[in-house]
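Right, one structure below, let's go through it.
The values are calculated or read from the model by the stated rules, or taken from the named source; none is laboratory data. Everything quoted here is computed from the prediction, not taken from an experiment. A quick note on method: Cβ atoms are made from the backbone with ideal geometry, for glycine too, and the neighbour counts reach across all protein chains shown.
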Amino acid sequence: MITLLYSGNFGLGHELDTILYAVHALRDDGMWRLLLVGAGKGIVRIRELVAELGLENAEFRPPVSLAELGDLLAGGDVHVVAQKPRTEGLIVPSKIYSILCVGRPTIFIGPPNCEVARIVQESASGFIVAPGDVDAAVDALRQLALDPELRRQMGERAREHYRARFGRDWSVSQIVHLIERMGGNGLRQDSSPERGRAAGAGTVGDSSPTSRRDRNGKSGRRS
């Protein structure tokens with residue numbers, strides 16, 4: 001069976017009904033195992049909906065430790081990310097970055113004009129489904145179930161996108177670029193002729209011609 005994994009917070013801003021109804025629509029195919037891992041204020045209602053739909057292929061687990069998270073995410077064949085409409089700019093489900101990192105396809109249930117939708121679209125690593133569009137969710141699940149090569153390709157694109165846009169090399173390069181830009185501006189300011197002359201004017205022990213003339217009493221004005 002193919003493991004469909006949702007791991008994270010069951011919060012008020014997460015829309016899981018659509019994927020649950022889609023899994024219910026495909027219950028006779030016998031291809032999907034639904035794994036729901038996490039906790040939150042919304043988990044009671046999700047448990048009730050799973051029971052109401054009779055999803056015998058669904059399993060709930062408590063949150064795992066950080067040390068166990070990598071194995072959990074790698075164990076999912078396809079991942080679900082969910083976000084309710086009108087939460088754009090209020091929440092960004094950070095699990096998308098972990099999913100990209102482990103190289104798995106994503107079914108994103110949420111608004112099309114948000115950060116997660118943009119990442120999924122740019123990386124070509126999954127499907128974007130509008131909340132409530134159960135038919136689209138069913139179609140996405142069917143395509144992924146019937147085409148292992150599609151799952152593999154989407155997973156590879158996810159991992160490559162993570163390396164190129166969010167991985168350690170990219171992050172370090174951005175930090176170095178920022179430091180160089182800030183440090184470069186400072187160096188240019190400190191080493192400019194005008195700044196050097198301004199810094200040296202009137203300094204005790206200065207060896208500039210003006211200071212020498214002052215010390216010799218030949219020029220300059222003193223109070």
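General observations
- Failed item, numbered, when Ile46 is tested on (1) in contact with a strand residue (DSSP E or B) (Cβ under 8 Å, 6 or more places away or on another chain); (2) within 22 Å of Leu100 (Cα to Cα): (2)
- Residue match in the range 31-49 (condition: of a type outside the set (Phe, Trp, Tyr), in contact (Cβ under 8 Å) with a residue 60 or more places away in the chain and touching a helix residue (DSSP H, G or I) at 6+ places or on another chain (Cβ under 7 Å)): yes
- Residue in the range 84-91 that is in contact with a Phe, Trp or Tyr (Cβ under 6 Å, 6 or more places away or on another chain) and of a type outside the set (D, E, K, R) present: no
The rows are residues; the columns are (1) crowded, with 21+ Cβ neighbours inside 10 Å; (2) polar (S, T, N, Q).
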site	(1), (2)
Ile2	no, no
Asn9	no, yes
Gly13	no, no
Thr18	yes, yes
His24	no, no
Arg27	no, no
Gly30	no, no
Arg33	no, no
Gly38	no, no
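- Some residue of the range 24-47 being within 15 Å of Leu144 (Cβ to Cβ) and of a type in the set (Lys, Arg): yes
- Any hit, the range 12-23, residues being at pLDDT below 95, among the aliphatic types (A, V, I, L, M) and over 18 Å from Asp139 (Cα atoms): yes
- Selected residue (only one of Gly30, Gly110 is closer than 22 Å to Leu141 by Cβ and modelled with pLDDT under 95): Gly30
- Selected residue [in contact (Cβ under 8 Å) with a residue 24 or more places away in the chain, assigned to a helix (DSSP H, G or I) and of a type in the set (A, V, I, L, M, F, W, C)] from Leu72, Leu55: Leu72
- Some residue of the range 86-102 being under 14 Å from the mean Cα position of the chain (by Cα), surrounded by 15 or more Cβ atoms within 10 Å (Cβ to Cβ), at pLDDT 95 or above and part of a loop (DSSP other than H, G, I, E, B): no
- Looking only at the range 113-147, and only at residues there that are modelled with pLDDT under 95 and in a loop (DSSP other than H, G, I, E, B), the one that is nearest to the chain's Cα centre (by Cα): Cys114
For (1) more than 17 Å from the chain's Cα centre (by Cα); (2) surrounded by 13 or more Cβ atoms within 10 Å (Cβ to Cβ); (3) among the charged types (D, E, K, R); (4) at pLDDT below 85, each residue gets a yes or a no:
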residue	(1), (2), (3), (4)
Glu149	yes, no, yes, no
Glu160	no, yes, yes, no
Ala164	no, no, no, no
His177	yes, no, no, yes
Glu180	yes, no, yes, yes
